[in-house]
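Following: one structure in structure tokens, then a few remarks.
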Amino acid sequence: MQKPSIEDISLMSGSIGVTLFLFYYARYAKNSEAESKAFELIEEAFEQISSDEILPSFSGGLAGIGWTIEHLVARGFFEADTEELFEDLDVLLDKQIDKAMEIGFFDFLHGGIGMSLYFLQKGTDAAKTIVSRFIQALNSTAIRSSGSICWESMLVREKNISGVNLSISHGISGILAFLASAHSKNIEPKLCKELIEGTIDYILANKSQAGAISIFPNWISNEAPSADSRLAWCYGDLGVAVAIFRAAKSIENKKFQEEAIDILTFNAGRKALKDNALNKETMLCHGTGGLAAIYFRMYLETKIPLFAETTQYWIDKTLEFAHYEDGIAGYKSRFTDAQGGWLPDFSFLEGVSGVGLLLVSVLENAEPTWDSALLLS
């Protein structure tokens, strides 16, 4: 793989995610060639949008593409009239959110949360109305019990097993992080606060039994019990902790913030790769880069020295694992054997662009505003 694929133009796995890195790198390194390449990839992506059917999702489709352009414009990388540019997209995604929530498909990467995050980024009055309606849909589909709140979703589709997914990528921690952003922008503040408090109550009531490797399981289900969870952004304690911290901070709940800090402190001691389902992978999704990104964000939020030390530990590991002579800057990503095993990958979520964004932010010692694409801010 010698260049970013233009067949996949998505944020998480395609060329639009690569532009996110190229723009931040170009600004940091004052590299006009990187900026020119980013504009080239955007132009190619928009040509493909006009000729192909693209999924609506945040991870693999239109919502993520729209979010990226809105983000880059808001951060001053270039100017564009996004209201005119995305007029048709707004109508389409508004309808897709309603369709997703009719079946309770709130999933961040593929469902309602991610599509609504695009409108949260836009921030117009019309966009806020759509976000408000999404929050009301979350409220109407919530499962309440003795003050706790949760949402069920499909856990193992092949076996038709459902339950409560705790993760930030596909589960209720993603809802929690989204509600934190909405509350901070004063969208449905009273309802957001109620949902935040109930969701945190549910999560904290479902810790793993003593002696488990992790504090939380992947999910809650009698049909498919889950004891330990991996050390990663996508699943496990870290995504849960960041979501709790952000939500607790937004409603000014010190007790819940301290709970989140305790979870992060515990996980700072989890260093064994094999025990924590790490396989010398560096990606943001479930590699060392994602661990460093989380602890870097949380150090900036709390100024806790342990979090700075943990950030540096995982940065060091990320640099150590850049050892492939035929990789991109020494990096490869791990795919299934059927997909080819360890391969060079330019992408944001599972490839070198995400690692590059992390390293630029650490070098600048600057707030990684791009991490809102992972619900970290």
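The condition of being charged (D, E, K, R) and over 28 Å from Ile49 (Cβ atoms) holds for only one of Lys95, Lys122, Lys159, that being Lys159. Scan the range 308-340 for residues that are in contact with a Pro (Cβ under 8 Å, 6 or more places away or on another chain) and of a type in the set (Gly, Ala, Ser) and the total you get is 2. Number of residues in the range 43-91 that are outside any loop (DSSP other than H, G, I, E, B) and open to solvent by 20 Å² or more (accessible area, probe 1.4 Å): the value is 17.
If you check Ile220 against the conditions, is it surrounded by 19 or more Cβ atoms within 10 Å (Cβ to Cβ) and in contact with a strand residue (DSSP E or B) (Cβ under 7 Å, 6 or more places away or on another chain)? The answer is yes for Ile220. Only one entry of Leu278, Leu300, Leu306 meets the criterion of being part of a helix (DSSP H, G or I), in contact (Cβ under 8 Å) with a residue 24 or more places away in the chain and farther than 30 Å from Lys185 by Cβ, and that entry is Leu306. Could we say that Thr141 is free of Cβ contacts under 8 Å to residues at least 60 places away in the same chain and out of contact with any Cys (no Cβ under 8 Å at 6 or more places or on another chain) here? Judged against the criteria, Thr141 is a match. Against the conditions (1) crowded, with 24+ Cβ neighbours inside 10 Å; (2) closer than 22 Å to Leu109 by Cβ; (3) touching a residue at least 40 places away in the same chain (Cβ under 8 Å), Thr288 satisfies every one except (3). Residues in the range 324-350 that are touching a Lys or Arg at 6+ places or on another chain (Cβ under 9 Å) and in a loop (DSSP other than H, G, I, E, B): Tyr324, Asp326, Gly341, Pro344, Asp345, Phe346, Glu350.
The residue that is modelled with the lowest pLDDT, among those in the range 150-181 that are of a type in the set (A, V, I, L, M, F, W, C) and more than 18 Å from Gly239 (Cα to Cα), is Val156. Quick check: anything in the range 97-111 touching an Asp or Glu at 6+ places or on another chain (Cβ under 8 Å), open to solvent by 10 Å² or more (accessible area, probe 1.4 Å), within 30 Å of Leu155 (Cβ to Cβ) and part of a loop (DSSP other than H, G, I, E, B)? Within the range 97-111, one or more residues are touching an Asp or Glu at 6+ places or on another chain (Cβ under 8 Å), open to solvent by 10 Å² or more (accessible area, probe 1.4 Å), within 30 Å of Leu155 (Cβ to Cβ) and part of a loop (DSSP other than H, G, I, E, B). Considering the range 259-270, the residues that are surrounded by 14 or more Cβ atoms within 10 Å (Cβ to Cβ) and of a type outside the set (Ser, Thr, Tyr) include one that is nearest to Ile315 (Cα to Cα), namely Ala268.
The values are calculated or read from the model by the stated rules, or taken from the named source; none is laboratory data. These figures come from a predicted structure and were not determined experimentally. FYI the Cβ positions are ideal-geometry reconstructions off the backbone, even for glycines, and counts take in every protein chain you see. Please note that ligands, DNA and RNA were not included when accessible areas were found on the heavy atoms of the full protein model with its side chains. Shrake-Rupley method; radii C 1.70, N 1.55, O 1.52, S 1.80 Å.
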